[in-house]
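Contents: one structure, followed by commentary.
Any read-out appearing in this document is the output of simple, stated calculations on the displayed coordinates, not a laboratory observation. Small disclaimer: the values here were computed from a predicted structure and weren't measured. No Cβ is skipped: glycine too gets one built from the backbone with ideal geometry, and neighbour counts run over all protein chains shown.
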């Protein structure tokens with residue numbers, strides 16, 4: 001559908017909206033079943049459920065509509081920006097809670113400063129993971145066009161293969177799988193003992209080891225699904241491009257697949273480290289609310305959306321012949337005049 005152009009994109013958006021309504025209704029039912037206290041007195045249970053499901057579904061559809069409007073009229077992906085704002089809105093409260101817990105407990109202000117320095121280091125580490133690429137040189141052959149034998153092409157460019165091409169999706173998939181033992185444990189009487197108890201404790205070695213392993217496996221799986229070296233090689237061949245020293249076609253696809261496999265392994269390990277950093281932070285005494293900003297989906301979504309928004313702002317400024325957003329930095333993309 002995406003290859004069909006504008007009509008295909010409209011069809012994808014239509015299917016997305018329908019699936020969003022279906023998922024939201026199902027999730028609203030589960031949310032209400034979980035959140036309503038057993039001793040709550042309701043005038044009409046059916047009326048309460050129906051009205052609450054309608055309210056939750058309508059709110060979700062409004063947020064989706066708002067995100068689409070931000071995407072059309074603003075800069076960046078609207079839904080991603082809304083998610084990032086929701087994440088960052090919890091940061092001031094978490095900072096204040098962590099500060100008071102340190103002032104009233106062990107550590108004091110020095111420990112609080114060290115925690116914030118460590119958070120800054122984790123953010124820099126996450127930026128390296130998100131921005132890290134392996135540049136594969138590509139040479140485009142010269143072509144003769146026009147009646148005056150004008151040569152065009154012959155430029156040398158690069159294919160940026162990301163170290164973490166899967167983004168935040170492996171962590172989301174792994175977290176969804178890790179919820180299964182916790183859900184099963186709620187229906188057993190011995191849920192706090194043995195293996196079930198270890199999986200319910202997010203700071204246990206078994207939980208974090210399994211979580212990290214699943215993040216690594218899902219990173220390879222998601223990268224294999226989303227990155228297609230055969231298609232990349234065919235597009236390169238169609239545009240008269242080739243990797244120096246590699247034959248076009250199948251050898252180029254095998255070469256790109258080899259590079260992707262090599263860079264995905266360290267990328268998946270680094271992503272697994274980021275995924276378990278909140279648990280490590282809680283182990284050393286950081287408040288659970290503040291520890292969520294030390295890694296996981298919250299940190300990666302915030303870093304990824306911020307970098308993407310800055311890049312798009314930079315692109316808009318350069319298109320209008322401004323110097324760019326920042327004088328320094330790797331995202332500025334400014335070309336020097338010779």
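Working from Cα positions, state the angle (0 to 90°, nearest 10) between the long axis of helix 6-35 and the longest principal axis of the chain. With both axes taken from Cα atoms, the answer is about 20 degrees.
Per residue and in Å³, how big is the convex hull formed by the alpha-carbon atoms of the range 219-305?
Values: hull volume 9.8 nm³, N = 87.
Once divided by residue count, the hull of the range 219-305 is 113 Å³.
Taking Cα centroids, how far is the range 50-121 from the range 274-309 in Å? Answer, in whole Å: 11. Projected onto planes of every orientation and averaged, the convex hull of the alpha-carbon atoms in the range 1-69 covers 5.6 nm². The angle between the Cα long axis of helix 296-319 and the longest principal axis of the Cα atoms of the chain comes to about 40 degrees, rounded to the nearest 10. If I compute Kirkwood radius over Cα pairs in Å from the structure I just sent, which labelled value in (i) 24.1; (ii) 20.1; (iii) 22.7 lines up? Computed from the coordinates, Kirkwood radius over Cα pairs in Å corresponds to (i).
Computed from the Cβ-Cβ distance with R0 of 30 Å, the FRET efficiency linking residue 49 to residue 20 stands at 0.90.
Its relative contact order, with pairs defined as Cα atoms under 8 Å and 6+ residues apart, puts the range 1-69 at 32 percent.
Pairs of C-alpha atoms in the range 72-127 farther apart than 17 Å represent 56 percent of all such pairs.
Computed from Cα atoms, the angle from the helix 108-131 axis to the main principal axis of the chain rounds to 40 degrees. Debye-formula intensities of the range 1-144, expressed as log10 I(q)/I(0) at q = 0.15 Å⁻¹, are -1.08 (one equal scatterer per alpha-carbon, no solvent).
Pop the C-beta distance of residue 40 and residue 99 into the FRET formula with R0 = 41 Å and round what comes out to the nearest 0.05.
E between residue 40 and residue 99, to the nearest 0.05, is 0.70.
For the chain, the relative contact order is 16 percent, taking Cα pairs closer than 8 Å that sit 6 or more residues apart in sequence and dividing their mean separation by the residue count.
Highest GNM mean-square fluctuation, the chain, Cα pairs closer than 10 Å: which of 255, 207, 31? Result for the chain, Cα springs under 10 Å: 31 fluctuates most.
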